[in-house]
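Okay, structure first, notes after.
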Amino acid sequence: MTENGFRAEEIDTSRPHPARIYDYLLGGKNNYEVDREAGDRLAAAAPEVWSGVRANRDFLRRAVRYVVGSGIRQILDIGTGLPSSPNVHEIARELVPDVRVAYVDNDPIVNTYANVLLRGSDATSIALADLRDPRAILNHPDVREVIDFDEPVALLLVAIVHFLTEAEEPERVLATLRDGLPAGSFLVLSHATGDFADRSAAQAVYDNATATLNLRSGAEVERLFDGFTLVEPGLVEVPFWRPDAPPRTRPGDIGYYGGVARKTG
């Protein structure tokens, strides 16, 4: 038994895991051969994935800066993935040093690495939990340790909801999380799409992974923001959400939608 309460044999390294594939595509080293092979197959099927994951990461940075600049002082990041600097707490604290961040992921390896990174910080925590059980996340003691749900929260769901199948009811999951947030909270969400190209071959790479990839249209992604009000420019391809400089990509080049929305009631 490890210090985090799970056994080494519970870590599945026989199948690729989305967090570790993402880490590989970002140039990280916290992945296994099975993840690298999946990442290479993904890139062969959709070469734009290399720029796509970086555009998605850049969207995360800009969105975190936006919500902190809008007064948010606590962030719940679900599906955080393996640590990749700058991490969310580092981005947020460049603006406001006392922002509190709770990270959530269902991969024990992510939990282990994040615990090492965050050791000694009372304003940051990591919870081993799964987006498929949103109420367990809201009630998790490691989340409650740093998040006060009586005050506005920024909920980050960046490149994670597309790993929920329709049978797992993503709209129900989002509604449960939304209802746990007070008015003034924000939702930051990005999601893979097949609107601009046939990405069925890329989608198939995840068929043997620990979670399948479920592409959704812009209209389907927008429904995930039900109960929130999208801020300008609305739901757009991630390079075009409040860019710091003119995007180097053309519309349709990046297969991710992204948006930031506020809960007003």
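The values are calculated or read from the model by the stated rules, or taken from the named source; none is laboratory data. These numbers come from a predicted model, not from an experiment. Reconstructed Cβ throughout: ideal geometry from the backbone, glycine too, with neighbour counts over all protein chains shown. The protein model used for the area step is the full one, side chains on, heavy atoms only, and it has no ligands, DNA or RNA in it. Shrake-Rupley method; radii C 1.70, N 1.55, O 1.52, S 1.80 Å.
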Just checking, does region 143-155 include any residue being open to solvent by 50 Å² or more (accessible area, probe 1.4 Å), assigned to a helix (DSSP H, G or I) and modelled with pLDDT of 95 or more?
yes
If Val221 meets every condition in (1) touching a helix residue (DSSP H, G or I) at 6+ places or on another chain (Cβ under 9 Å); (2) farther than 14 Å from Gly52 by Cβ; (3) part of a loop (DSSP other than H, G, I, E, B) apart from one, which number is that one?
(3)
With Val88, Val143, Val110, Val96 as the choices, which residue is touching a residue at least 24 places away in the same chain (Cβ under 8 Å), among the β-branched types (Val, Ile, Thr) and over 28 Å from Tyr24 (Cβ atoms)?
Val96
If the Cβ limit is 9 Å and pairs must be 6+ apart or interchain, which residue in region 244-255 that is closer than 16 Å to Val49 by Cβ and of a type in the set (Ser, Thr, Tyr) pairs with which residue that is open to solvent by less than 100 Å² (accessible area, probe 1.4 Å) and assigned to a loop (DSSP other than H, G, I, E, B)?
Thr249/Glu48
Restricting to region 156-193, name every residue that is of a type outside the set (Val, Ile, Thr), open to solvent by 30 Å² or more (accessible area, probe 1.4 Å) and either under 24 Å from Tyr66 (Cα atoms) or not in a helix (DSSP H, G or I) (or both).
Glu169, Arg178, Asp179, Ala183
Of the residues in region 169-201, how many are among the acidic types (Asp, Glu) and in contact with a Leu (Cβ under 7 Å, 6 or more places away or on another chain)?
1
Val116 vs. criteria open to solvent by less than 80 Å² (accessible area, probe 1.4 Å) and of a type in the set (Val, Ile, Thr):
no
For Ala219, are the conditions met, namely being over 19 Å from Leu156 (Cα atoms), open to solvent by 40 Å² or more (accessible area, probe 1.4 Å), modelled with pLDDT of 95 or more and not charged (D, E, K, R)?
yes
Given Val53, Val34, which one is in a helix (DSSP H, G or I) and under 24 Å from Leu189 (Cα atoms)?
Val53
Matching option when the condition is at pLDDT below 90, among the acidic types (Asp, Glu) and open to solvent by 60 Å² or more (accessible area, probe 1.4 Å), among Asp226, Asp244, Asp198:
Asp198
On the basis of being under 21 Å from Arg223 (Cβ atoms), of a type in the set (A, V, I, L, M) and without any contact (Cβ under 8 Å) to a residue 12 or more places away in the chain, does Ala167 make the cut?
yes
Return the residues of region 23-67 that are more than 20 Å from Pro83 (Cβ to Cβ), in contact (Cβ under 8 Å) with a residue 40 or more places away in the chain, open to solvent by 40 Å² or more (accessible area, probe 1.4 Å) and of a type in the set (A, V, I, L, M); say none if nothing qualifies.
Ala45
Name the residues in region 70-102 that are assigned to a helix (DSSP H, G or I), acidic (Asp, Glu) and closer than 13 Å to Thr124 by Cα, would you?
Glu90
Could you please find all residues in region 1-22 being out of contact with any helix residue (DSSP H, G or I) (no Cβ under 6 Å at 6 or more places or on another chain), among the polar types (S, T, N, Q) and either exposed (fewer than 13 other Cβ atoms within 10 Å of the Cβ) or at pLDDT 85 or above (or both)?
Ser14
State whether one or more residues within region 202-210 are touching a residue at least 60 places away in the same chain (Cβ under 8 Å), part of a loop (DSSP other than H, G, I, E, B), in contact with a Leu (Cβ under 6 Å, 6 or more places away or on another chain) and on the phi < 0 side of the Ramachandran plot.
no
Selection within region 229-241 - surrounded by 15 or more Cβ atoms within 10 Å (Cβ to Cβ) and without any contact (Cβ under 8 Å) to a residue 12 or more places away in the chain
Phe240
